[in-house]
Amino acid sequence: MRPLDAVDHRILAALSADARKSVTSIAQELHLSRANAYERIARLREAGVLRGYTAVIDPRAAGLATAAYVFLTLKQDDWEVLRSALADEPAVRHLALVGGQYDAVLLVRTRTVEELRRVIFERIQSLSCVQSTQTALIFDDHAEHRHAVAPEAEAPSRWMGSRSASTAPRKVAAITLV
């Protein structure tokens with residue numbers, strides 16, 4: 001696949017903001033023909049850039065009011081063991097291999113502190129691949145879900161030509177890829 005261009009990123013931004021948005025609506029918003037928008041979305045799907053459509057659920061409203069980041073030190077070369085062991089653990093919302101002081105970090109969400117304690121002590125710390133853990137409770141979070149959009153994709157088209165790309169205001173979104 002060719003590299004993504006600004007139009008591709010703007011399509012991703014539109015779908016990230018509202019995955020139910022129609023191709024016709026996206027085409028109108030981005031000043032594209034419907035056929036061009038459809039072809040680009042199809043190409044993004046075929047390339048694996050756009051994979052599925054999902055609802056963004058507020059974990060607290062869904063009853064998962066307790067959350068923590070759990071930082072792990074693993075025994076040598078045990079990343080795959082950890083990933084396999086926690087693949088079916090519903091409380092683990094995100095698992096990442098990281099560099100630095102720790103080897104992996106988990107985002108764990110549960111209904112109660114007691115349930116969080118059980119997941120950490122009985123499920124995570126009991127794994128043979130885990131050498132040690134450090135837990136940071138999350139008291140409040142700003143935005144758990146952000147969209148996979150490059151910063152330039154968020155700049156409205158009215159800035160095109162009126163300001164240089166370096167001086168146009170931009171919104172930056174974190175990347176969430178699955």
Counting only residues that are more than 16 Å from Ala6 (Cα to Cα) and crowded, with 16+ Cβ neighbours inside 10 Å, how many does segment 21-56 have?
1
Regarding Pro59, is this residue modelled with pLDDT under 95 and either exposed (fewer than 12 other Cβ atoms within 10 Å of the Cβ) or among the hydroxyl-bearing types (Ser, Thr, Tyr) (or both)?
no
Answer with yes or no whether Ala35 is closer than 17 Å to Ile138 by Cα and not assigned by TED's automatic domain parsing to the domain that holds Leu127.
no
Among (1) surrounded by fewer than 17 Cβ atoms within 10 Å (Cβ to Cβ); (2) modelled with pLDDT under 95; (3) over 17 Å from the mean Cα position of the chain (by Cα), there is one condition Gln134 misses while meeting the rest; what is its number?
(2)
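The values are calculated or read from the model by the stated rules, or taken from the named source; none is laboratory data. The structure presented is a predicted model; accordingly, all values stated were derived computationally and were not measured. As a convention, Cβ positions derive from the backbone with ideal geometry for all residues, glycine included, and neighbour counts pool all protein chains shown.
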